[in-house]
Amino acid sequence: MAELATIARPYAEALFKASDATSAPALAGEIQALASVAGDADLRAFASNPKVSIQQVLDVIGSVVKAPLSAAAKNLLQLALENDRLAALPEVAVQFQALVNARSGVSDAVLYSAYPIEPAQLADVKVTLEKRFGRKLNAAVVVQPELIGGIRVVVGDEVLDTSVKARLEQMKAALTA
């Protein structure tokens, strides 16, 4: 089977071309909700059962996804089911979000912190990081106690690691060299 990224790319690009700048962020949220549901192994097993119709799978997914879906999201889901590509929906969501971010000049940033970050602190850190990386950021915080202190920021393929753990590893490398 082809790599999921290769399978997902045409779906994400077609969906992106069909959306405009105002509807794309909302559509990205809908596709992410579908991707969360499609990531369930039991649902994929149910969908691949030859005795189950596409309409039955659509009904099950519709009942799990609480928010009403737009026509574009419904069409994507229908097409993915018809072509047995339900497993590719999480990757479609990732690629579609990347296209939406590129259009709006925003990047996703993951902040790994040893402790939870309060919203006011996150706003300050985000402003500093936006200056550092030279673009707007959508920041998400992941708590990793093993960092001891400081933060580790990942934006695309760029990493800024100011954690205590990283500094200790640098000191260890310098001392053992």
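The values are calculated or read from the model by the stated rules, or taken from the named source; none is laboratory data. All values reported here derive from a predicted model rather than from experimental measurement. Please note: Cβ atoms are built from the backbone with ideal geometry, for glycine as well, and neighbour counts cover all protein chains shown. We work out accessible area using only protein heavy atoms, side chains counted, and drop any ligands, DNA or RNA first. Shrake-Rupley method; radii C 1.70, N 1.55, O 1.52, S 1.80 Å.
All of (1) within 30 Å of Thr6 (Cα to Cα); (2) assigned to a loop (DSSP other than H, G, I, E, B); (3) among the aromatic types (Phe, Trp, Tyr) hold for Tyr115 with one exception: (1). Residues of the range 1-55 that are among the β-branched types (Val, Ile, Thr), closer than 13 Å to Gln95 by Cα and free of Cβ contacts under 8 Å to residues at least 40 places away in the same chain: Thr6 alone. Among the candidates Leu34, Leu86, Leu4, the residue that is within 30 Å of Asn138 (Cα to Cα), of a type outside the set (Gly, Ala, Ser) and in contact with a Lys or Arg (Cβ under 6 Å, 6 or more places away or on another chain) is uniquely Leu86.
Taking the criterion of being touching a residue at least 24 places away in the same chain (Cβ under 8 Å) and open to solvent by less than 70 Å² (accessible area, probe 1.4 Å), the residues of the range 109-130 that qualify are Ala109, Val110, Leu111, Tyr112, Ser113, Ala114, Ile117, Val125, Leu129. Between Val155, Val159, the distinction of being surrounded by fewer than 17 Cβ atoms within 10 Å (Cβ to Cβ) and closer than 24 Å to Ala98 by Cβ belongs to Val159 only.
Any residue at all in the range 13-28 that's basic (Lys, Arg) and closer than 18 Å to Asn101 by Cα? Quick ask: steps written out before the conclusion?
Going residue by residue through the range 13-28, those that are basic (Lys, Arg) are 17.
Next, only the ones that are closer than 18 Å to Asn101 by Cα stay: 17.
Scanning the range 13-28 turns up at least one residue that is basic (Lys, Arg) and closer than 18 Å to Asn101 by Cα.
The number of residues in the range 131-149 that are open to solvent by less than 40 Å² (accessible area, probe 1.4 Å) and either of a type in the set (Lys, Arg) or not in a strand (DSSP E or B) (or both) comes to 3. Applying the selection to the range 66-96, what residues are farther than 26 Å from Val106 by Cα, surrounded by 16 or more Cβ atoms within 10 Å (Cβ to Cβ) and of a type in the set (A, V, I, L, M)? The answer is Leu77, Ala80, Leu81, Leu86, Ala87.
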